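**Q** One structure coming up, written as structure tokens, with questions to follow.
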């Protein structure tokens, strides 16, 4: 029975590589006009010719590329400087707790929150109008959907900063930060410069894959682009989704060709990033060898802290505004608060929330549960054989996060339509699991490996079987990380937009897919209700992950935090 | 006694029981497969209703407006209670997506058991489905029990959708008329434009206060059609397919108009609202001064929902504005044809139409003829308070006919080429 643990890694590899591989094939073939069972296509390169004849295609590509790179550069820079300036301080710990909940917030909710804040009729304008600006009516400014995608980049940065900070946090214990900083400090380097010269290279090596995941997401996401991104033209990924749903079948071939182009754009972003890495390393070496000590780095500290607070504060303030909107009666510009409050919006929306909520919960819980089992099997197998996943294995875990979603979800949809599985619960669960699995695995990796194995040795010494040890000792003692895994997996599933829209095909909807659909209509009251659930679900997951172990372990002193 | 014994024995005999169940199951499954292969028998409405029981109807309808979603929620409850039908509203952001699904299914050879049972449709989507033969056979709508109430005589668009003859392949659901809205607290009534040309002049005098949803949004495209009708040399050419006319020449005044409008439009034409609910919010915020919708009660409905202040009023153009009918249609490969028929019939029922026209609910005008309804139902319609911001039917002005659907396709394509530009 215990020998079956090999199923863990095997299934995981299948789950991660299968959909990406088959999905990519399902995208590549139609791009060249080959699509068994679909008809309408003819072999050749003409879909690419048609693609490049689309108006302003180059502009869409540039937007995807630059917004992807800019979001990654900015968020990484903020995280690096903040860690450099504050690692080990109370400020750092406080910020870590503040940003934690943001990690689990769906991208769509964060984008909506930011949109409500910065729009010409948004909360910031309401706060300063008409007293400071004299505006009785919102100014005619193109802030949301701005052609340079600045608001979209801002939202992406605000959402990726918590992610990268958490990844950095996981990498910190393995870098001798304190000793390095003492050494560089003794050599006369400022705190920030010393950290960047001495400790950062080791940390960056560990968070490199997450950074690539950020680039991939930022250069190919759909939901943030729809809510905040430019409209004339849209980013490449957003246009792909439009083509995919065109009644004209040939547009699907166009979309497939476009998806390949997206793959190229994201690939180009990776290549530029690799160049940037070298450039920055060279600059750093030059600075280090040149003796640039930056002893007075107070300004850097202030800037990085401000950026951190802005990122978190913007989303929290936007969410608060959304919450107020959901209870608002008539609320005209420039009033800072609604003229009246009403429960009507909630009464109207709640009956319609029930079904997507049910789907969200079912898919979220099921995918987190399956991902938890698979991860545990993987690690048990690892313990049993003593072989750890190598670099290739690591990269495989990140595969669904690094290959742009649109490029393989399209192909997956093709396959599911052909097999009649589209818009079924198992298909949607499967699609979500592809994205939940990497996070589940990464989340369990460190706690599992740092477990004190002497407990198991004692159990074995008392004559207990490996199975008994696993279920009576290991898993109960790992309840806390397992529940955190569960909460993270669940929140990843809640936040997924594109897989839900394409695989659910409108028949199966979740809170997130409904919220993005409603965003176009601009009914802020109803969006407020949906955003509340988007917020509530992950928070509930984490509350359970915190409270249950506290309750169960209340009589075990050694198990308390 | 012997008989009783036999009966007794039969009842207790498990084998007989199993056989009986098996026969029932078999005959049911045969009936089931029969139902798939053949369309429900409309001549026998009771059999349609019987077949519809227990079916799930996937109604693909635009889902961008909360009041409409709420109305469909109510329809679902009614159908569940009366007819044991489960109605699922598949919320679309563009009806073309539902057409795409049917097209894809046909291409994949799924001629039965399709994923779309009922579509909210009109215009080019209807024309395209009809032309490709993707709809249930002709004449079904006119055989529905509630067809008798439809105002065929005074509402010609229930028979002719955008110049395409409907021929009973779609059931009329509601009437639409392009109506403009403004906030009377900010904009005086005597300043209101009364034609597309005056609207442009008004926009030039009030830069940044007018816009329209970007095509292919249905309402945005309708605005383009309104301008096209008003600017084209001879409106009669629009009733013919666009290929038969000189599209470039005929549409030149429209794009000239748009070029001038965009210069003074909201955000200088660099961004557009995504649909009409978004324009409603912009009117409430004071970003836009004049907005429009296809539903004359839109503003009254929005006032009831606190989305607009109660100072908003309606107006139309003197020479008339676009008007049409929207329908529900059934794809040829629908899984629940009987359920879809019963749903379409219910949507046309006086009861459902009355509730639909209530501005507190939706405010969408009925397709039924008042003189055809029984007395108490007429009274129900007469008693409806259309709301403070709704024009009376006689104030709505003349109806302009929809151009041939091909014009819309060409205009949308040309619009995309002209205005989707990188800065």
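The values are calculated or read from the model by the stated rules, or taken from the named source; none is laboratory data. As the structure is a computational prediction, the values presented were derived from the model and not from experiment. As a convention, Cβ positions derive from the backbone with ideal geometry for all residues, glycine included, and neighbour counts pool all protein chains shown.
**Q** Condition check: out of contact with any strand residue (DSSP E or B) (no Cβ under 9 Å at 6 or more places or on another chain) and buried (at least 20 other Cβ atoms within 10 Å of the Cβ). Does residue A:508 satisfy that? Working first, answer last.
**A** Numbers: out of contact with any strand residue (DSSP E or B) (no Cβ under 9 Å at 6 or more places or on another chain): yes; buried (at least 20 other Cβ atoms within 10 Å of the Cβ): yes.
For residue A:508, the condition - out of contact with any strand residue (DSSP E or B) (no Cβ under 9 Å at 6 or more places or on another chain) and buried (at least 20 other Cβ atoms within 10 Å of the Cβ) - is met.
**Q** Which of the residues that make up region B:288-297 are surrounded by fewer than 23 Cβ atoms within 10 Å (Cβ to Cβ) and assigned to a loop (DSSP other than H, G, I, E, B)? I'd like the intermediate steps shown before the answer.
**A** First, the residues of region B:288-297 that are surrounded by fewer than 23 Cβ atoms within 10 Å (Cβ to Cβ): B:289-290, B:294.
Passing the criteria: B:289, B:294.
**Q** Looking only at residues in region B:147-166 that are under 18 Å from the mean Cα position of the chain (by Cα) and in a helix (DSSP H, G or I), which one is farthest from residue B:393 (Cα to Cα)?
**A** B:147
**Q** Of all residues in region A:100-134, count the ones that are farther than 17 Å from residue A:228 by Cα, part of a helix (DSSP H, G or I) and more than 14 Å from chain B (Cβ to nearest Cβ).
**A** 6
**Q** Using the structure shown, decide if residue A:518 is within 16 Å of residue A:353 (Cα to Cα), assigned to a helix (DSSP H, G or I) and at pLDDT 90 or above.
**A** Numbers: within 16 Å of residue A:353 (Cα to Cα): yes; assigned to a helix (DSSP H, G or I): yes; at pLDDT 90 or above: no.
The answer is no for residue A:518.
**Q** Could you identify the single residue in A:344, A:284, A:298, A:293 that is surrounded by fewer than 16 Cβ atoms within 10 Å (Cβ to Cβ), at negative phi and more than 12 Å from every other protein chain (Cβ to nearest Cβ)?
**A** Going through A:344, A:284, A:298, A:293 in turn, just one is surrounded by fewer than 16 Cβ atoms within 10 Å (Cβ to Cβ), at negative phi and more than 12 Å from every other protein chain (Cβ to nearest Cβ): A:298.
**Q** Based on this model, can you work out whether residue B:380 counts as in a helix (DSSP H, G or I) and either at negative phi or assigned by TED's automatic domain parsing to the domain that holds residue B:57 (or both)?
**A** Values: in a helix (DSSP H, G or I): yes; either at negative phi or assigned by TED's automatic domain parsing to the domain that holds residue B:57 (or both): yes.
Spelling it out, residue B:380 is indeed in a helix (DSSP H, G or I) and either at negative phi or assigned by TED's automatic domain parsing to the domain that holds residue B:57 (or both).
**Q** Another one. Exactly one condition in (1) under 30 Å from residue A:411 (Cβ atoms); (2) within 14 Å of another protein chain (Cβ to nearest Cβ); (3) touching a residue at least 60 places away in the same chain (Cβ under 8 Å) is false for residue A:517; which is it?
**A** Among (1) under 30 Å from residue A:411 (Cβ atoms); (2) within 14 Å of another protein chain (Cβ to nearest Cβ); (3) touching a residue at least 60 places away in the same chain (Cβ under 8 Å), the lone unmet condition for residue A:517 is (3).
**Q** Among the residues in region A:484-500, are any closer than 30 Å to residue B:69 by Cβ, assigned to a helix (DSSP H, G or I), touching a helix residue (DSSP H, G or I) at 6+ places or on another chain (Cβ under 8 Å) and within 14 Å of another protein chain (Cβ to nearest Cβ)?
**A** Yes, that holds for at least one residue.
**Q** Please count how many residues of region B:241-287 are outside any helix (DSSP H, G or I), within 7 Å of chain A (Cβ to nearest Cβ) and free of Cβ contacts under 8 Å to residues at least 60 places away in the same chain.
**A** Number satisfying all stated conditions: 1.
**Q** What's the number of the only condition in (1) closer than 30 Å to residue B:103 by Cβ; (2) assigned to a helix (DSSP H, G or I); (3) more than 10 Å from chain A (Cβ to nearest Cβ) that residue B:326 fails to meet?
**A** Tallying (1) closer than 30 Å to residue B:103 by Cβ; (2) assigned to a helix (DSSP H, G or I); (3) more than 10 Å from chain A (Cβ to nearest Cβ), residue B:326 fails exactly one: (2).
**Q** For region B:122-135, how many residues are touching a helix residue (DSSP H, G or I) at 6+ places or on another chain (Cβ under 7 Å) and away from every other protein chain (no Cβ under 11 Å)?
**A** 3
**Q** Need the failing condition index for residue B:154 against (1) more than 11 Å from chain A (Cβ to nearest Cβ); (2) at positive phi; (3) surrounded by fewer than 22 Cβ atoms within 10 Å (Cβ to Cβ); (4) touching a residue at least 40 places away in the same chain (Cβ under 8 Å), just the number.
**A** (2)
**Q** Then there is this: Conditions first: (1) surrounded by fewer than 17 Cβ atoms within 10 Å (Cβ to Cβ); (2) touching a helix residue (DSSP H, G or I) at 6+ places or on another chain (Cβ under 6 Å); (3) assigned to a helix (DSSP H, G or I). Residue A:336 passes all but one, so which condition is the exception?
**A** Single failed check for residue A:336: (3).
**Q** Next question. Find the residue count for region B:51-92, including only residues that are in a helix (DSSP H, G or I) and under 26 Å from residue A:521 (Cβ atoms). Walk me through how you get there before you give the answer.
**A** Pass one, region B:51-92, residues in a helix (DSSP H, G or I): B:51-52, B:66-83.
Among the residues that remain, those that are also under 26 Å from residue A:521 (Cβ atoms) are: B:66-79.
Here the count works out to 14.
**Q** Could we say that residue A:407 is more than 11 Å from chain B (Cβ to nearest Cβ), modelled with pLDDT of 85 or more and closer than 30 Å to residue B:305 by Cβ here? Give the derivation first.
**A** Numbers: more than 11 Å from chain B (Cβ to nearest Cβ): yes; modelled with pLDDT of 85 or more: yes; closer than 30 Å to residue B:305 by Cβ: no.
When the stated conditions are applied, residue A:407 does not pass them.
**Q** Quick check on my filter: what residues within region A:522-543 are within 14 Å of another protein chain (Cβ to nearest Cβ) and touching a residue at least 12 places away in the same chain (Cβ under 8 Å)? Before you say what the answer is, go through the steps one by one.
**A** Filtering region A:522-543 down to residues within 14 Å of another protein chain (Cβ to nearest Cβ) leaves A:522-530.
The answer is A:524, A:525, A:526, A:527, A:528, A:529, A:530.
**Q** Ok, one more. Scan region B:96-111 residue by residue and report those that are more than 7 Å from chain A (Cβ to nearest Cβ), surrounded by 21 or more Cβ atoms within 10 Å (Cβ to Cβ) and modelled with pLDDT of 85 or more.
**A** B:98, B:102, listed by residue number.
**Q** Can you tell me which residues in region A:27-51 are within 14 Å of chain B (Cβ to nearest Cβ) and at pLDDT 85 or above?
**A** The one that is within 14 Å of chain B (Cβ to nearest Cβ) and at pLDDT 85 or above: A:50.
**Q** Let me ask you something else. Do we find that residue A:279 is assigned to a helix (DSSP H, G or I) and within 14 Å of another protein chain (Cβ to nearest Cβ) in this structure?
**A** Values: assigned to a helix (DSSP H, G or I): yes; within 14 Å of another protein chain (Cβ to nearest Cβ): no.
Here the answer is no, as residue A:279 does not meet what is asked.
**Q** Does residue A:14 fit the bill of being exposed (fewer than 15 other Cβ atoms within 10 Å of the Cβ), out of contact with any strand residue (DSSP E or B) (no Cβ under 7 Å at 6 or more places or on another chain) and either more than 30 Å from residue A:167 (Cβ to Cβ) or more than 14 Å from every other protein chain (Cβ to nearest Cβ) (or both)?
**A** Details: exposed (fewer than 15 other Cβ atoms within 10 Å of the Cβ): yes; out of contact with any strand residue (DSSP E or B) (no Cβ under 7 Å at 6 or more places or on another chain): yes; either more than 30 Å from residue A:167 (Cβ to Cβ) or more than 14 Å from every other protein chain (Cβ to nearest Cβ) (or both): yes.
Yes; evaluated as a whole, the condition is true for this residue.
**Q** List the pairs whose first member sits in region B:303-315 and is within 15 Å of residue B:187 (Cα to Cα) and within 7 Å of chain A (Cβ to nearest Cβ), whose second member is at pLDDT below 90 and not in a loop (DSSP other than H, G, I, E, B), and whose Cβ atoms are under 6 Å apart, counting only residues at least 6 apart or on separate chains?
**A** Matching pairs, first to second residue: none at all.
**Q** Mind listing just one residue for me: the one in region B:67-88 that is at the interface with chain A (Cβ under 9 Å from one of its Cβ atoms) and touching a residue at least 24 places away in the same chain (Cβ under 8 Å) and, of those, surrounded by the most Cβ atoms within 10 Å (Cβ to Cβ)?
**A** Among those that are at the interface with chain A (Cβ under 9 Å from one of its Cβ atoms) and touching a residue at least 24 places away in the same chain (Cβ under 8 Å), it is B:67.
**Q** Just wondering, is there one or more residues in region A:206-219 that are touching a residue at least 24 places away in the same chain (Cβ under 8 Å), touching a helix residue (DSSP H, G or I) at 6+ places or on another chain (Cβ under 6 Å) and farther than 20 Å from residue A:267 by Cα?
**A** Yes, region A:206-219 contains a residue that is touching a residue at least 24 places away in the same chain (Cβ under 8 Å), touching a helix residue (DSSP H, G or I) at 6+ places or on another chain (Cβ under 6 Å) and farther than 20 Å from residue A:267 by Cα.
**Q** Against the conditions (1) under 27 Å from residue A:419 (Cα atoms); (2) in contact (Cβ under 8 Å) with a residue 40 or more places away in the chain; (3) over 19 Å from the mean Cα position of the chain (by Cα), where does residue A:86 fall short? Just the number, please.
**A** All conditions pass for residue A:86, except number (1).
**Q** Hey, residue A:169 hits all of (1) touching a residue at least 24 places away in the same chain (Cβ under 8 Å); (2) buried (at least 20 other Cβ atoms within 10 Å of the Cβ) but one; which does it fall short on?
**A** Going through the list (1) touching a residue at least 24 places away in the same chain (Cβ under 8 Å); (2) buried (at least 20 other Cβ atoms within 10 Å of the Cβ), residue A:169 breaks only (2).
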